[in-house]
Amino acid sequence: MAVIELGLVSEGGDEQDARPDRRPLGRRDLRSLLVAVVAAASVLTVTGSARPDPSGLTQLWSIPFELGSGAYMLTPDSVYVLTQPGEDRLSAYDLRTSELRWSHPAPDDSSWLSGIRAGALLLPAGPETAMYEDADGSTVTREFNRDTAAVDTVTGRLLWRQPGELITAEGDRALLTEWNKAGDKVTTFRAVRLRDGSTIWSRPAGDIGSWTTDTAPGTTAERLVTVTAQGRAEVLNLDDGSVVATGTLPWLPPTAAETDYTTLIVDGTQLYLERNEGDTSTVTAYDTDNLRQLWRIQQTAPGGVYGCGPVVCLNGTNATTGHDRATGAVRWRIAGAANGFPLLNGLLLVGDDETGARHRLVDTATGRQLVDLGTAMPVWDYRLNGTRYVVARAQNSNDLTLISQVDPEAGEVLLRGTVSAVLDFGCQSSSDLIVCETSDNRLIVTDVG
């Protein structure tokens, strides 16, 4: 579901304040939502049934946590924490008991946790900032990572550190891209084994400028699609790096207007190319086995296309629509929905407007609303397997956060209890345990079962 392109202008600037104004979420936020903090300035309330649990909530344990520079990631029984106050360390704790399983100095210059696969915890390393002149003469600033490191989840031992920025990890392999010295051009694609970093296959990048592979929740990436500035495309098999198909795509030239762009999305066995020109967004679907065009539709720009379980979703200016994968026909339409974020188990988290103030869960097969989350923020299941819980600031209190349970079948949001003030989008869950970043620089683990 992700697309990587050269020539993207980074936000830059000073470090983000701990409590920025709320903004709408983008599809690219899904990865960062698992480890990053986005706070909101408004007072939140929970909609639906509010039936307090008289037993309250049990905080199992907490540790100091450095907001803005710390990161954490869950598995069913562990929480991995990178960088604690005053220490650049990577530590593993038992999720329920807080037992420290291991703790080691963090790999040099790592400040992020990219994922866990095949018993390896992946971290980007060697961060750099590239500055170069784009085709239209503008100065581009882009942040990237020279290396990727892998740590054994059981012992904390460094398994390997390799040149190359992580694109995706599936099964027992990771796909890396190596950059030139200036950081403005990728030179090599390389697949390595997660347990030892040994090379499975490697290919020179040539003159490609954009590439994408399937990174949607619960999917298994099988294809890598690369495109040159002239639209020449190759589909590669991720197992061995072999060429599956070639063709030419309707790619906008580098001299196109700054507001016009082309993006690629791989979802399963299909490729979606979105071309935005002026007020028009055109989405074309292709078969990744042969790059044969399947269908094409137009809508008002800006758009947005991404996989939604049994359908493919398009964001419009005033609606989100679900389309048949084979024909492009509209299967459902949600009026007033500004954006959507696909989860597992056929669920879609929909934002009602560009402010990102309200959300609801929708069934991706039918477009039917399952539950209105109101202005509450989702607690992300560590696998993105829906959102079982939501958090909201208690009215008239800056010190408490409400935790509620989502019941999609009944269409209810049921209040479970309160915890200390936590940051919006700063919580993850594993079963009935919720891990949250608090506004007073702690990481707390709460049992809501």
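The values are calculated or read from the model by the stated rules, or taken from the named source; none is laboratory data. It should be emphasised that the depicted structure is a prediction, and the values quoted were computed from it without experimental measurement. We place every Cβ from the backbone using ideal geometry, glycine too, and count neighbours over all the protein chains shown. Accessible surface is based on the protein model in full, side chains and every heavy atom, while ligands, DNA and RNA are left aside. Shrake-Rupley method; radii C 1.70, N 1.55, O 1.52, S 1.80 Å.
Residues that are open to solvent by 20 Å² or more (accessible area, probe 1.4 Å), out of contact with any strand residue (DSSP E or B) (no Cβ under 6 Å at 6 or more places or on another chain) and hydroxyl-bearing (Ser, Thr, Tyr): does the stretch 307-325 have at least one? No, every residue in the stretch 307-325 fails to be open to solvent by 20 Å² or more (accessible area, probe 1.4 Å), out of contact with any strand residue (DSSP E or B) (no Cβ under 6 Å at 6 or more places or on another chain) and hydroxyl-bearing (Ser, Thr, Tyr). Look at (1) touching an Asp or Glu at 6+ places or on another chain (Cβ under 9 Å); (2) open to solvent by less than 70 Å² (accessible area, probe 1.4 Å) and you find that LEU122 fails only one, number (1). Residues considered: GLY328, GLY351. Of these, the only one that is on the phi > 0 side of the Ramachandran plot, open to solvent by less than 20 Å² (accessible area, probe 1.4 Å) and in contact (Cβ under 8 Å) with a residue 40 or more places away in the chain is GLY328. With respect to the conditions (1) at pLDDT 90 or above; (2) part of a strand (DSSP E or B); (3) crowded, with 19+ Cβ neighbours inside 10 Å, GLN59 lacks only one, and its number is (3). Read through the list (1) closer than 15 Å to GLU277 by Cα; (2) over 24 Å from the mean Cα position of the chain (by Cα), then give the number of the only condition that THR228 fails. The single condition THR228 does not satisfy is (1). The set of residues in the stretch 358-384 that are assigned to a loop (DSSP other than H, G, I, E, B) and open to solvent by less than 30 Å² (accessible area, probe 1.4 Å) comprises THR364, GLY367, THR375, ALA376, LEU384. No other residue among THR83, THR75 is polar (S, T, N, Q), at pLDDT below 90 and touching a Leu at 6+ places or on another chain (Cβ under 9 Å) apart from THR83. Listed by first and then second residue, the pairs with beta-carbon distance under 9 Å, at least 6 apart or on different chains, first residue in the stretch 415-434 and farther than 15 Å from VAL79 by Cβ and in contact (Cβ under 8 Å) with a residue 60 or more places away in the chain, second among the aromatic types (Phe, Trp, Tyr) and part of a strand (DSSP E or B), are ARG416/TYR389; PHE425/TRP380. Scan the stretch 133-177 for residues that are closer than 20 Å to PRO107 by Cα, open to solvent by 40 Å² or more (accessible area, probe 1.4 Å) and among the hydrophobic types (A, V, I, L, M, F, W, C) and the total you get is 2. Open to solvent by less than 30 Å² (accessible area, probe 1.4 Å), among the hydrophobic types (A, V, I, L, M, F, W, C), more than 22 Å from the chain's Cα centre (by Cα) and modelled with pLDDT of 90 or more, is that true of LEU95? Here the answer is yes, as LEU95 does meet what is asked. Filtering the stretch 278-293 to residues that are outside any strand (DSSP E or B) and either under 24 Å from the mean Cα position of the chain (by Cα) or free of Cβ contacts under 8 Å to residues at least 24 places away in the same chain (or both) leaves GLY278, ASP279, THR288, ARG292.
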